[in-house]
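Enquirer: One structure coming up, written as structure tokens, with questions to follow.
Coordinate-derived values only; no laboratory data. Source: prediction; values computed, not measured. Cβ placement follows ideal geometry from the backbone for every residue including glycine, while neighbour counts extend to all protein chains displayed.
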């Protein structure tokens, strides 16, 4: 029997998509051959053609192989804001048959150590402004650092407001093991013949979890290809599309729907590394952006910006996002301005973006959509693991060609996350939800402990583990708290050591946190308590505290 | 100012579309690398994967270069019915950096001779059922002939009705310079590195005209690429779509919509050698066909099938075509049955298929559509050449990336077909029409002398020239007449030589013509008269005869839409 949601499938789209059997780099190769003179990227009014992108990728791949000793299957860390260099580095790593390990530019040295050590990486691409975080690891975990200066790729005069860290000229770096981006290119190495195949490891994407330290999701060229092609087809990318890239490339939404889908179709990527509603509006109007993957808060900002009223946003044909729900009033205003519905979707790092998508012609609000190409989804009872029926709440599980191979060197975590149903390997999402009679899915609550702050996923166990390093903290639990702008935000409930009670301010805890974790993880609220509620077995009852926090507030 | 039709532009499609700067073969290369295990062609139940397809293309290209001496820019005759081999041969010729000269499989030896001589062709690829027509040229003009048996690519047992030409086993044909397809591939020769780029010669479809002998329309990879990419995008072709290939591929509509577009997008072609409405219904159901570009007469035949309800055709997402207008009642039946609007389009061999297509979301009936991506179109007064406004009838002229470079070795005809308007070179279609206030184009009549019989274009001047070879014929004029099934058909108005009067029957003329020309050109009706009306300068006034013929019927010919 056909799944219910097939009745709502976009009429012009096939039900099945064959995943290209090539590497991701082949996508760039085809687009560069087809559209050599077309702009691959636009970065503050400066353009980089496909032919040039392809050429620079080759040079950088040659450098990785010849000077950094990168071999097939090696992991290379990539820590940068959205920029032409991010794309060059990403495809150069793949061209060198290695796997990309993209990390948030917000990560600090302590966090980076984990990635180097866990993944056994020794080479890193890093932006100049983040280099200070990498430098302490040089000569230890990091053998080679290639340091990029964003301003190298801003060549045209522009009236746009550019943040200082992007404008900064190249600084001289003389540390052993470090090389500047331009010097790496100037070395003029050619890469070896490409050897990677579709089922080789292409990326390890770290995600935290309920257990503290983040785990690497292993994705092959094939799993990544699945959602980038599926996204391009579902969102109607053409050779003439222009994607506004505001979602970070290190994260699956921006990586797939702004960067990789564009490279595949030969579209142009209008890059915006630091969110700025004014510049975003300018780019849409100036370059006729057609596609925009984002988090709903960006749409909220753009529509609220005074300059937007005078700008033509009518080129937009698809606005896509997930990670947080879209407020209904904003969705309505968006429809009035651009004539399109916000396309909500659902996916995870483990599934390299979407498993569920809304169809453009029948998009529903506050809804995950339905399973996309070749994907099956069920709702199960999280205890008994039995599949449930329509409108019964349980845990969402997914099966499809985009599901990761597993967590890097974590058989324990793999054993927990995969279950077999009717002979098929399903992945447990940890999200509570239901599907309706039409086969559309809705999220109810998270089974797992995770805070979604404007789309940034914060894992309380990880933040707690770091906070326990604070000399004055005896006990701590991290919970979600309502926030007008971020949807939800991070709150720490702290029990101080006896001798420090009354002598430590909330502000000082936050200040300390800023030095020890990425900014989005830092608690925005700190509440001091004398004790934390515990279960009979002694476990901290975080859920009770969180429910108290959310009492009377409707969760989006 | 924006053109009127931009208001009705298909959502999500660019007005101008950047075109791949590669040869057409590069499309196959990318698709085969991406989808090696996917069926490129399903031929009466037998699948040819993209991987195997490319392997055969390369092997045949190797043969063409190493054994048949094909060089970059050479013309190779492709004389075959729809078959996997047609598609393999088409891409093999391109892979060998040569130009495909596809000709109608209904052509007879004398007609082939013209193509071979005009195109300086020494190599031909043909089907074994057509070899009898090629044989007289083989070993003389044609140094190498590769002969294919369609059954080589139709090996899986099937319950489908298979045309005789497809079922026929491979014949051990022999001759000087004759190689069986199977043997050519078995040599496993590899071609030299691919050199052809966007501006190399790609394909030369022949079109006749008012002057008699067919003329070759020169197309480069760039012009062919444009309707491949933009035409496919217009009808929302996607990878994993399944396309019914029932239109002959030697003709630009079938070539682009049923072959080159699906290969670019990575779709599957469900291929038919012969039109059969029940087989088409069965194939749509069995392979869940999504897209079908056809000619209206084919769609009419399909929809009038009393057995139609036996087939599940709910997978269809796009049905459209060109060649002749779609009658309103039939379009309505399609809509009632499938919820689909028949999407009409318009193009010529000179424009390698569409210059105009209806926007799928706002199609008009009996309408050519709007100019597609990067294409401009105007209506001009054919005499003064002044540009006309909405609802003023004149000659349709078009400018766009799909317009051919000119007629092969015909500089005068080429010069006459282009006109400069405001610094832009437009191609004169020879079709009379108008556009409405929305910027949609409609055809009214043909300026040029041409009969459209089920989409087959018959050029009266060419048929007349042949009829004059008949020993009993003194004078002949060819006109169109109404035909219930073909829309229009061929009629000969003949003046016999005095000695033959009363001794030659209409059937004698028709029978004789069958041996001399492709079946679709053969007059279906022959009328004997004493004299033909002539102008003061002595020219036969065919238009007068045509108008007399038209008045015999209550309506004008079915494919001439009234304003």
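Enquirer: Quick one: P(r) of region B:117-159 from all Cα-Cα pairs, 10 Å bins, percents rounded to integers, in order of increasing distance.
Expert: Here the calculated profile for region B:117-159 is 26, 42, 20, 10, 2.
Enquirer: Okay, next question. At 7 Å along the Cα-to-beta-carbon direction for both residue B:425 and residue B:213, put a label point, then send me their distance in nm to one decimal.
Expert: Computed distance between label sites residue B:425 and residue B:213 equals 2.4 nm.
Enquirer: Starting from one equal scatterer on each C-alpha and no solvent at all, send me the Debye-based log10 I(q)/I(0) for region B:453-531 at q = 0.12, 0.15, 0.21, 0.22 Å⁻¹, two decimals.
Expert: With no solvent term, the Cα-only Debye profile gives -0.30, -0.46, -0.89, -0.97.
Enquirer: How large is Rg/Rh for region A:389-531, to two decimals, with Cα atoms and a Kirkwood Rh? The partial results should precede the final answer.
Expert: On the way: Rg = 19.0 Å, Rh = 17.6 Å.
Here the Rg-to-Rh quotient is 1.08.
Enquirer: Roughly how many nanometres apart are two label points built 7 Å out from the Cα toward the Cβ at residue B:552 and residue A:484?
Expert: 8.5 nm
Enquirer: Hey, if you drop one equal point scatterer on each alpha-carbon of region B:1-98 and run the Debye formula without solvent, what base-10 log of I(q)/I(0) do you get at q = 0.12, 0.16 Å⁻¹?
Expert: Calculated log10 I(q)/I(0) at the listed q: -0.54, -0.77.
Enquirer: Normalised by the residues of chain A, what does the relative contact order come to in percent, with Cα pairs under 8 Å and at least six apart? Numbers along the way, then the final one.
Expert: On the way: 1208 pairs, mean separation 67.5, N = 556.
The value is 12 percent.
Enquirer: While we're here: Let's test the formula: R0 of 41 Å, r as the Cβ-Cβ distance of residue B:376 and residue B:495. What FRET efficiency results, to the nearest 0.05?
Expert: Working: r = 45 Å, r/R0 = 1.11.
According to the calculation, E is roughly 0.35.
Enquirer: Give the order of B:9, B:459 when sorted by the count of other beta carbons within 10 angstrom, beginning with the fewest.
Expert: Least crowded to most crowded, the residues run B:9, B:459.
Enquirer: Still on this model: Using alpha-carbon positions, what is the distance between the centroids of region A:305-349 and region A:71-128, in Å?
Expert: One Cα centre to the other: 31 Å.
Enquirer: I would also like to ask the following. Take every Cα-Cα pair in region B:119-252 and report what % of them are more than 20 Å apart. Please report the intermediate quantities before stating the final value.
Expert: Details: 5841 of 8911 pairs.
Cα-Cα pairs in region B:119-252 separated by more than 20 Å: 66 percent.
Enquirer: Also: Roughly speaking, what % of Cα-Cα pairs in region A:183-263 are separated by over 16 Å, rounded to a whole number?
Expert: Details: 2082 of 3240 pairs.
Cα-Cα pairs of region A:183-263 separated by over 16 Å account for 64 percent.
Enquirer: Give me the distance between the Cα centres of region B:110-154 and region A:360-431, rounded to whole Å.
Expert: 59 Å
Enquirer: Expressed in whole Å with the largest first, what are the equivalent ellipsoid semi-axes of region A:346-388 derived from the C-alpha gyration tensor as the square root of 5 times each eigenvalue?
Expert: Values: eigenvalues 92, 36, 18 Å².
Equivalent ellipsoid semi-axes, largest first: 21, 13, 10 Å.
Enquirer: Would you mind calculating the gained length between residue A:182 and residue A:49 on full extension (0.36 nm times residue separation, minus the Cα-Cα distance), in nm to one decimal?
Expert: Values: separation 133, 0.36 × 133 = 47.88 nm, distance 1.78 nm.
Between residue A:182 and residue A:49, full extension yields an extra 46.1 nm.
Enquirer: Related question: Based on C-alpha coordinates, I'd like the Rg and Dmax of region A:254-397, in Å.
Expert: Values for region A:254-397 (Cα only, Rg and Dmax): 16.9, 56 Å.
Enquirer: In deg cm²/dmol and to the nearest 500, what is the mean residue ellipticity at 222 nm of chain A if only DSSP H runs of at least 4 residues count, each as -39500 (n - 2.57), divided by the residue total? Provide the component values of the computation, followed by the final result.
Expert: Details: 16 runs with 151 residues, N = 556.
Using -39500 (n - 2.57) per qualifying helix, the result is -8000 deg cm²/dmol.
Enquirer: When the Debye formula is applied to the Cα atoms of the protein assembly as shown, each taken as the same point scatterer, what base-10 log of I(q)/I(0) results at q = 0.08, 0.10 Å⁻¹?
Expert: -0.90, -1.27
Enquirer: How far is it, in nm, from the label point at residue B:114 to the one at residue A:167 when both lie 7 Å from their Cα along the line to the Cβ?
Expert: Each label point lies 7 Å from its Cα, and together they span 7.2 nm.
Enquirer: I would also like to ask the following. How high is the relative contact order of chain B, in percent, counting Cα pairs under 8 Å that sit 6 or more residues apart? Walk me through the intermediate numbers first.
Expert: Working: 1239 pairs, mean separation 69.8, N = 563.
Relative contact order for chain B comes out at 12 percent.
Enquirer: Another question, then. Less than 19 Å from a label point 7 Å out along the Cα-to-Cβ axis of residue A:553: which backbone N atoms in region A:507-526 qualify, by residue?
Expert: Zone members listed by number: A:507, A:510, A:520-526.
Enquirer: Another question, then. Note the per residue figure in Å³ for the convex hull of the C-alpha positions in region A:1-48. Mind showing how you got there, number by number?
Expert: Numbers: hull volume 7.8 nm³, N = 48.
Spelled out: Cα convex hull of region A:1-48, divided by residues, is 162 Å³.
Enquirer: Using a Förster distance of 51 angstrom, determine the FRET efficiency expected from the C-beta separation of residue A:385 and residue B:332, and round it to 0.05. Don't jump to the answer; show the numbers that get you there.
Expert: On the way: r = 53 Å, r/R0 = 1.04.
Efficiency computed from Cβ-Cβ geometry: 0.45.
Enquirer: Let me ask you something else. Roughly speaking, what is the centre-to-centre gap between region B:421-467 and region B:337-383 when only Cα atoms are used, to the nearest Å?
Expert: 13 Å
Enquirer: Give me B:311, B:407, B:25 ranked fewest to most by other Cβ atoms within 10 Å of their Cβ, as a rough exposure proxy.
Expert: Working: B:311 18, B:407 23, B:25 26.
Exposure proxy ranking, most exposed first: B:311, B:407, B:25.
Enquirer: Give the average over all directions of the projected area of the C-alpha convex hull of region B:29-159, one decimal, in nm². It would help to have the intermediate numbers written out before the result.
Expert: Numbers: hull surface 32.2 nm².
That works out to 8.1 nm².
Enquirer: What does the highest-first list of B:298-309, B:347-358 look like by mean Cβ count within 10 Å?
Expert: So the order, starting with the most tightly packed, is B:347-358, B:298-309.
Enquirer: Using the beta-carbon distance between residue B:413 and residue B:286 and R0 = 35 Å, what value does 1/(1 + (r/R0)^6) give for FRET efficiency, to the nearest 0.05? Numbers along the way, then the final one.
Expert: Working: r = 46 Å, r/R0 = 1.31.
Rounded to the nearest 0.05, the efficiency is 0.15.
Enquirer: Going by how many other Cβ atoms sit within 10 Å of their own, how do A:514, B:67 line up, fewest first? Each step should come with its number before you reach the end.
Expert: On the way: A:514 12, B:67 16.
Neighbour counts put them in this order, fewest first: A:514, B:67.
Enquirer: Given that compact globular proteins tend to follow 2.2 N^0.38 Å, what is the ratio of the alpha-carbon Rg of region A:298-373 to that value? Write out the running numbers ahead of the final one.
Expert: On the way: Rg = 13.1 Å, N = 76, 2.2 N^0.38 = 11.4 Å.
Rounded to two decimals, the normalised Rg is 1.15.
Enquirer: Going from the alpha-carbon gyration tensor of chain B, what semi-axes, largest first and in whole Å, does one get by taking the root of 5 times each eigenvalue? It would help to have the intermediate numbers written out before the result.
Expert: Working: eigenvalues 230, 181, 119 Å².
For chain B, the ellipsoid semi-axes come out as 34, 30, 24 Å.
Enquirer: Hey, what's the Cα Rg ratio for chain A versus the globular rule of thumb, 2.2 N^0.38 Å?
Expert: On the way: Rg = 23.0 Å, N = 556, 2.2 N^0.38 = 24.3 Å.
That ratio works out to 0.95.
Enquirer: May I ask for the Rg/Rh ratio of region A:1-121, computed from Cα atoms with Rh as the Kirkwood radius, given to two decimals?
Expert: Ratio of gyration radius to Kirkwood radius: 1.09.
Enquirer: In percent, how large is the relative contact order of region A:375-528, given Cα pairs closer than 8 Å and 6 or more residues apart?
Expert: About 15 percent, as a whole number.
Enquirer: Plugging the Kirkwood radius over Cα pairs into Stokes-Einstein for region B:78-124, at a temperature of 4 °C and a viscosity of 1.567 mPa s, what D comes out in µm²/s? List each step's numbers first, then the result.
Expert: Values: Rh = 11.2 Å.
In µm²/s, the coefficient is 116.
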